[in-house]
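What follows is a single structure, written as structure tokens, with notes after it.
The values are calculated or read from the model by the stated rules, or taken from the named source; none is laboratory data. Note that this is a predicted model, so its numbers are computed, not measured. Here the Cβ positions follow ideal geometry from the backbone for every residue, glycine too, while neighbour counts run over all protein chains shown.
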Amino acid sequence: MTRHPATAPITQDVVTIRRDLPASGKTNIIGLTRDALADILRAAGTPDKQVKMRVGQIWQWIYHWGVRDFSEMSNLAKDYRALLADRFDIALPEVVTRQISADGTRKYLLRIAGGHEVETVYIPEESRGTLCVSSQVGCTLTCSFCHTGTQKLVRNLTAAEIVGQVMLARDDLGEWPEPGAPKNETRLISNVVLMGMGEPLYNFDNVRDAMKIVMDGEGLTLSRRRITLSTSGVVPEIARAAEEIGCLLAVSFHATTDEVRDRLVPINKRWNIEALLNALRDYPRLSNSERITFEYVMLKGVNDSDEDAKRLVKLIRGIPAKINLIPFNEWPGSPYERSDWERIEAFADIIYKAGYASPIRTPRGEDIMAACGQLKSATERLRKSRAEIEAETSR
Ligand code: SAH
Ligand code: SF4
């Protein structure tokens, strides 16, 4: 049952910007849904009968070919290209820095409207490459083991800023297709995970619109099974994510009792383990996907005992699941230690013997602070005060 606290719930008093207006005053067409793009083309005088075709053409230039200039859209009439350039922009965040780890992981620091900064991480592996995308600047939540959680939430990212992260990484990796070139079987960015800064389900509409573009057959064409959204457990939005996005789901579970989860993932005080599990039980059916990933950060002496492993297996019984064990990544001032390797393996073994895949996530890009939970834009110096964190976690 969902617990309703007597005091105010953890909410997000965040301004969500649905459209960003670049300095030019023109409308940015990145991040618009097909319908929204159709509306502005119609308003700009595109004849009704042509709107659908024009949307398809512009969409393909931008999201399939990676074109950033209306003048290059050679299947549109010259004066129509000029009209588009006059009214609209194709604007992406600005890449401020790119760091490359010894293990090949790349971290991009991006500047967005308002001068804020977010991070995006590319993790190359042998047979795939994963782009870890941010959904907010900072986070309203205060998970006690997460670096992002110590940063004040500044604002939700727009759909343009979310899909823009994928586009900028493709620019850097040189991954836009060349006309006539054979199709690349394994894409450099073969998977997208919403596991960067922020809680994606607290920026639902923009995350959904951006992922729709990533999944679109004429857009970035990644299958919905190659996109994973990670949530700390925003229970009321889980069914909606299944229905409106339909990607894979990961949940930051991290504890097997409410007492410990309240401390680690404070949103548990609003929706406890039972409420969360109930929402998760329906997800595979609603989204027509196979398994939910349970993320479990391994914190020495906090949540890593054999009893925890056994309780975990019991709790998730009946839910098609895989358990992803994440060795804790330290950050300056972090209050926990990583569990010993033997402990992590013993924990994994109990889960594996109970019939669940229990991969241990290899920390990537630690030397450039790009590993899970280490992201925090240094320029956002505002740190949540101890009082603020306590106020949020005691609700
Ligand atoms: N806000 C979302 C998605 C971003 S975090 C969420 O919480 O699910 C991606 C994953 O990294 C989450 O499972 C998160 O709990 C985990 N994480 C956060 N800080 C970490 C740290 N310091 N070490 C290891 N994993 C961490
Ligand atoms: Fe926010 Fe996720 Fe970090 Fe928790 S783990 S503070 S929800 S980014």
- Note on the structure: Counting only residues in region 263-276 that are β-branched (Val, Ile, Thr) and assigned to a helix (DSSP H, G or I), the one surrounded by the most Cβ atoms within 10 Å (Cβ to Cβ) is identified as Ile267
- Matching option when the condition is within 24 Å of the chain's Cα centre (by Cα) and not assigned by TED's automatic domain parsing to the domain that holds Thr231, among Ile62, Ile112, Ile100: Ile62
- When (1) surrounded by fewer than 16 Cβ atoms within 10 Å (Cβ to Cβ); (2) farther than 16 Å from Arg226 by Cβ are applied to Glu125, the one that fails is (2)
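Hey, among Ala85, Ala91, Ala113, Ala77, which residue is surrounded by 16 or more Cβ atoms within 10 Å (Cβ to Cβ), modelled with pLDDT of 95 or more and of a type in the set (Gly, Ala, Ser)? Quick ask: steps written out before the conclusion?
Numbers: Ala85 fails: surrounded by 16 or more Cβ atoms within 10 Å (Cβ to Cβ); Ala113 fails: modelled with pLDDT of 95 or more; Ala77 fails: surrounded by 16 or more Cβ atoms within 10 Å (Cβ to Cβ).
Ala91 is the lone residue from the list that is surrounded by 16 or more Cβ atoms within 10 Å (Cβ to Cβ), modelled with pLDDT of 95 or more and of a type in the set (Gly, Ala, Ser).
Out of Ala346, Ala279, I need the residue that is part of a helix (DSSP H, G or I), surrounded by 17 or more Cβ atoms within 10 Å (Cβ to Cβ) and out of contact with any strand residue (DSSP E or B) (no Cβ under 6 Å at 6 or more places or on another chain). Which one?
Numbers: Ala346 fails: surrounded by 17 or more Cβ atoms within 10 Å (Cβ to Cβ).
The match here is Ala279.
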- Query: Among Leu188, Leu229, Leu194, which is the only one that is closer than 25 Å to Tyr108 by Cα, in the same structural domain as Glu307 (by TED's automatic domain parsing) and surrounded by fewer than 19 Cβ atoms within 10 Å (Cβ to Cβ)?
  - Reply: Leu188
- Query: Are any residues in region 184-230 part of a loop (DSSP other than H, G, I, E, B), within 16 Å of ligand 2 (Cβ to nearest atom) and small (Gly, Ala, Ser), and if so, which ones?
  - Reply: Gly196, Gly198
- Would you check which residues across region 87-115 are of a type in the set (D, E, K, R) and either touching a Cys at 6+ places or on another chain (Cβ under 8 Å) or under 18 Å from Val51 (Cβ atoms) (or both) and list them? Arg87
- Per the filter on region 140-183, residues among the small types (Gly, Ala, Ser), more than 16 Å from ligand 2 (Cβ to nearest atom) and in contact with a Leu (Cβ under 9 Å, 6 or more places away or on another chain) are Ala159, Ala160, Gly164, Ala169, Gly174
- Between a first residue in region 242-253 that is outside any loop (DSSP other than H, G, I, E, B) and a second residue that is among the small types (Gly, Ala, Ser), which pairs have beta carbons less than 6 Å apart while being 6 or more apart in sequence or on different chains? Ala242/Ser287; Leu248/Ser289; Ala250/Ser230; Ser252/Ser232
- Item | Sole exception among (1) closer than 28 Å to Glu342 by Cβ; (2) within 13 Å of ligand 1 (Cβ to nearest atom) for Asp306, by number | (2)
- Note on the structure: Counted residues in region 128-150 being away from ligand 1 (no atom under 12 Å from the Cβ) and crowded, with 24+ Cβ neighbours inside 10 Å come to 2
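Condition check ((1) within 13 Å of ligand 1 (Cβ to nearest atom); (2) at pLDDT 95 or above; (3) closer than 17 Å to Lys107 by Cα; (4) touching a strand residue (DSSP E or B) at 6+ places or on another chain (Cβ under 6 Å)) across all residues:
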| position | (1), (2), (3), (4) |
| --- | --- |
| Thr120 | yes, yes, yes, yes |
| Glu126 | no, no, no, no |
| Lys152 | no, no, no, no |
| Arg155 | no, no, no, yes |
| Ala159 | no, yes, no, no |
| Asp171 | no, yes, yes, no |
- Complete set of residues in region 217-241 that are free of Cβ contacts under 8 Å to residues at least 60 places away in the same chain, within 16 Å of ligand 1 (Cβ to nearest atom) and closer than 14 Å to Arg291 by Cα: Ile227, Leu229
